[in-house]
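The values are calculated or read from the model by the stated rules, or taken from the named source; none is laboratory data. Keep in mind it's a predicted model, so treat the numbers as computed, not measured. Counting neighbours? That spans all protein chains shown, and the Cβs are built from the backbone with ideal geometry, glycine included. The protein model used for the area step is the full one, side chains on, heavy atoms only, and it has no ligands, DNA or RNA in it. Shrake-Rupley method; radii C 1.70, N 1.55, O 1.52, S 1.80 Å.
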Amino acid sequence: MERSQDNKNKIDLDGIIHCLGRIAATLREDPKQALHDLRKVGAEIDMKVPYRDGHSLRVTDYCLGIAEDLMFTEEEEVVLEVAALLHDFGKIGIDEQVLLKPRKLTEQEKNEVTMHVMRGYYMLAGFGELIEALKGVKSHHEFYDGSGYPEGLVKSEIPLIGRIIAVADAYDAMTSERPYRAALTPDQAIEELQRNAGHQFDPAIVKIFVKQLKQEKAKRGRKEGKDKAQ
Ligand SMILES: [Fe+2]
Ligand SMILES: [Fe+2]
């Protein structure tokens, strides 16, 4: 029983890398198809790491919403989508006991988790076609005030796609249940984003994202009101 569970959660890294190579090669000629295939890879990664709950796909959708407001070109959108789908790729291979630990992590375990950024970067660095997207993978844990990792970049030194993923990533993490804490409500998570704007996050991105979340909430409220009235 244990063994079959183990196998189910085992990651076919060679298969994923092979698949990524194929996708990367078609990214320029047929970005739509490439992204479609990449979403499947993203879904597969989400089933294994970090919490098997669709994190990367949700983060990607949040990112694309923000990009729309920033009037990204189609090409820029493709780069962002690739980066968002692969942002936690480096978590593959981190000991699950650490990722799912219900208690505070030790320093060593913390280091292992933070290493996912550079690990992902190096695992994907062989694909020249992904080079722009890799900037987002590498910088999604940088803090706006320079206190993040891995390079301690400040404000606009952090690639824009990294600053976007950081906000979307944090919101999704906060609103998802984790083994060590309950999920925050969307309003609580928005408050946290706003509290950390200018420190952890780019305030301009937080502003855009919060506006979108509130619009979404209002839309849902109107729909629910209508449904009830019927
Ligand atoms: Fe991450
Ligand atoms: Fe993430």
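Brief remarks on what is shown
- Qualifying residue in the range 165-176 (condition: within 11 Å of ligand 1 (Cβ to nearest atom) and without any contact (Cβ under 8 Å) to a residue 60 or more places away in the chain): yes
- Listed by first and then second residue, the pairs linking a residue in the range 122-137 that is among the basic types (K, R) to a residue that is crowded, with 20+ Cβ neighbours inside 10 Å and modelled with pLDDT of 95 or more, with Cβ atoms under 6 Å apart and 6 or more places separating them unless they lie on different chains, are K135/P159.
- Annotation: of all residues in the range 48-71 being part of a loop (DSSP other than H, G, I, E, B) and open to solvent by less than 30 Å² (accessible area, probe 1.4 Å), the one that is farthest from ligand 1 (Cβ to nearest atom) is G54.
- Meets criteria (open to solvent by 60 Å² or more (accessible area, probe 1.4 Å) and not basic (K, R)) for A229: yes
- Close Cβ contacts (under 9 Å, 6 or more residues apart or on different chains) running from residues in the range 95-116 that are in contact (Cβ under 8 Å) with a residue 12 or more places away in the chain to residues that are open to solvent by 40 Å² or more (accessible area, probe 1.4 Å) and among the aliphatic types (A, V, I, L, M) comprise V98/L105; E112/L105; V113/L105.
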